[in-house]
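I have placed the structure first, in the form of structure tokens, so that the comments after it can refer back to it.
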Amino acid sequence: MAILSVKKLTKSFGGLTAVSNVNMELQEGELVGLIGPNGAGKTTVFNLLTGVYEPTAGTVTLTRNGKGKEIQGMKPFNICKAGMSRTFQNIRLFKDLTVLDNVRIAMHQNVKYGLASAFLHLPAYAKEEAQLVEKCMELLRIVHLDGKAGELASNLPYGEQRHLEIARALATDPVVLLLDEPAAGMNPAETAQLTELISWIRKNFQLTILLIEHDMSLVMKICERIYVLDYGMIIASGTPEEIKADKKVIEAYLGEDVNDA
């Protein structure tokens, strides 16, 4: 059974169809790319998968612990609880909060203590909060930010803000992680570090990852399969080598110099 199954996903805004009959399947542990020209509808697909937009038609089924659940049309926080988390094309951190608190907020959807316990600072609250902070620090160690836990998120360099956003997404305990142009604005050294981080996270967290990215060297290096979107429709899917050789993809997006990627 696919971890994520998308069937005939469609979104119309008035008379404009931004996404049309998109079909995708991601198996457990896969790292899959979603590429295409600017305006092709890639982020719209992410917004449909995560509840920012409600689909005009189609289904999205997310499987966790062997149980599939249709999540299209659910609120974003419920989709997050179901097991799908994301980062954004434009970084959306709580910039006036510390690095630690950005991750800590994401973990609170899974706490077991109640409102009364938190209000009165009962032992159950104190114990779980201590465990939560420990888990947050472990995530920050993974993205090499544990030494900056007390700093404001706004004070981090751009590349580290990207890493923090990934740590915050991991804090929700997802089974599927959506990364929307994580390398955007990064220099080559930062991109190389990010590539290693994504591969490490995928392996060690046993995550299924769907990645939007324009950096073709990154996509071709780490993705096992790729879907190509153009004018809101899937025009090709396959391995990186198959995509690089697809004439429709070359014409619509990659260009003749794709083999240099």
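Numbers at a glance
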{"item": "From the options 154, 199, residue that is farther than 25 Å from residue 214 by Cβ, part of a helix (DSSP H, G or I) and among the hydroxyl-bearing types (Ser, Thr, Tyr)", "result": "154"}
{"item": "First in the stretch 233-253 and under 23 Å from residue 8 (Cβ atoms), second anywhere and exposed (fewer than 15 other Cβ atoms within 10 Å of the Cβ) and modelled with pLDDT of 95 or more, Cβ under 7 Å, 6 or more apart", "result": "233/21; 234/23"}
{"item": "Check on residue 73, out of contact with any Gly (no Cβ under 8 Å at 6 or more places or on another chain) and of a type in the set (Gly, Ala, Ser)", "result": "no"}
{"item": "Considering residues of the stretch 99-156 that are of a type in the set (S, T, N, Q) and within 29 Å of residue 203 (Cβ to Cβ) only, the residue modelled with the highest pLDDT", "result": "102"}
{"item": "Residue in the stretch 62-82 that is surrounded by the most Cβ atoms within 10 Å (Cβ to Cβ), counting only those that are over 11 Å from residue 176 (Cβ atoms) and in contact (Cβ under 8 Å) with a residue 24 or more places away in the chain", "result": "72"}
{"item": "Filter result for residue 134 (outside the structural domain of residue 51 (by TED's automatic domain parsing) and in a helix (DSSP H, G or I))", "result": "yes"}
{"item": "Residue check for residue 107: in contact (Cβ under 8 Å) with a residue 40 or more places away in the chain and in contact with a Pro (Cβ under 9 Å, 6 or more places away or on another chain)", "result": "no"}
{"item": "Subset of the stretch 85-108 [surrounded by fewer than 16 Cβ atoms within 10 Å (Cβ to Cβ), basic (Lys, Arg) and part of a helix (DSSP H, G or I)]", "result": "none"}
{"item": "Count of residues meeting criterion [at pLDDT below 90 and of a type in the set (Phe, Trp, Tyr)] in the stretch 206-233", "result": "0"}
{"item": "Selection count, the stretch 40-66, where residues are assigned to a helix (DSSP H, G or I) and of a type in the set (Lys, Arg)", "result": "1"}
{"item": "Out of 154, 85, sole residue that is touching a strand residue (DSSP E or B) at 6+ places or on another chain (Cβ under 8 Å), in contact (Cβ under 8 Å) with a residue 40 or more places away in the chain and among the hydroxyl-bearing types (Ser, Thr, Tyr)", "result": "85"}
{"item": "Leading residue by the ranking (farthest from residue 187 (Cα to Cα)) among those in the stretch 138-172 that are within 19 Å of the chain's Cα centre (by Cα) and among the hydroxyl-bearing types (Ser, Thr, Tyr)", "result": "172"}
{"item": "Any hit, the stretch 159-172, residues being more than 30 Å from residue 60 (Cβ to Cβ) and in a helix (DSSP H, G or I)", "result": "yes"}
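Results for (1) more than 25 Å from residue 215 (Cβ to Cβ); (2) outside any strand (DSSP E or B), shown as yes or no for each residue.
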{"site": "12", "(1), (2)": "yes, no"}
{"site": "22", "(1), (2)": "no, no"}
{"site": "33", "(1), (2)": "no, no"}
{"site": "38", "(1), (2)": "no, yes"}
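For (1) touching a helix residue (DSSP H, G or I) at 6+ places or on another chain (Cβ under 6 Å); (2) in the same structural domain as residue 105 (by TED's automatic domain parsing); (3) in contact (Cβ under 8 Å) with a residue 12 or more places away in the chain, each residue gets a yes or a no:
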site: 169; (1), (2), (3): no, yes, yes
site: 181; (1), (2), (3): no, no, yes
site: 211; (1), (2), (3): no, no, yes
site: 218; (1), (2), (3): yes, no, yes
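The values are calculated or read from the model by the stated rules, or taken from the named source; none is laboratory data. In this text, all values refer to a predicted model and were calculated from it rather than measured experimentally. All Cβ positions, even for glycine, are placed from backbone atoms using ideal geometry, and neighbour counts span all protein chains on display.
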